[in-house]
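Before any comments, here is the structure.
The values are calculated or read from the model by the stated rules, or taken from the named source; none is laboratory data. On a predicted model such as this, the values are computed, not experimentally measured, just so you know. Cβ sites come from the backbone with ideal geometry, for glycine too, and all protein chains shown count toward neighbours. Surface accessibility is based on the protein's heavy atoms, side chains included, excluding ligands, DNA and RNA. Shrake-Rupley method; radii C 1.70, N 1.55, O 1.52, S 1.80 Å.
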Amino acid sequence: GIFPEGGSHDRTSLLPFKSGCAVFALGATEHDVKPIIIPFGLTYFHGHHFRSRAHLEFGEPLEISDDILELYQSDRKAGIK
């Protein structure tokens, strides 16, 4: 797995994607790779204690749509946004 970006927060939901995820995924398509993105969150039971137990929450797998891929191929900045 590749973890392009992350952040710490105390909410109980996944954060929105940042652009790094799109850069990795869309860049891979230039090498004939069609990646599947699996969002996930990592919650520690006691976040400030070393080796605290953790809970992983996975979102639904995401594929890059043909529309986004075409937009990226014509305008990289717009495709990443």
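Computed values, structure above
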{"quantity": "Estimated FRET transfer efficiency (Phe24, Ser74; beta-carbon r; R0 25 Å; 0.05)", "calculated": "0.80"}
{"quantity": "Solvent exposure ordering (accessible area, 1.4 Å, most first) of His48, His31, His55", "calculated": "His48, His31, His55"}
{"quantity": "Per residue, in Å², the accessible surface of the chain once ligands and nucleic acids are set aside, probe 1.4 Å", "calculated": "86 Å²"}
{"quantity": "Point-to-point label distance, Asp10-Asp66, nm (Cα→Cβ direction, 7 Å offset)", "calculated": "4.8 nm"}
{"quantity": "Accessible area in the full protein assembly, largest first, 1.4 Å probe, for Ile38, Ile64", "calculated": "Ile38, Ile64"}
{"quantity": "Largest to smallest accessible area among Phe40, Phe50, Phe24 [probe 1.4 Å]", "calculated": "Phe50, Phe24, Phe40"}
{"quantity": "Dipole magnitude of the chain, debye to nearest 20 (Cβ charges: Lys/Arg +1, Asp/Glu -1, about Cα centre)", "calculated": "500 debye"}
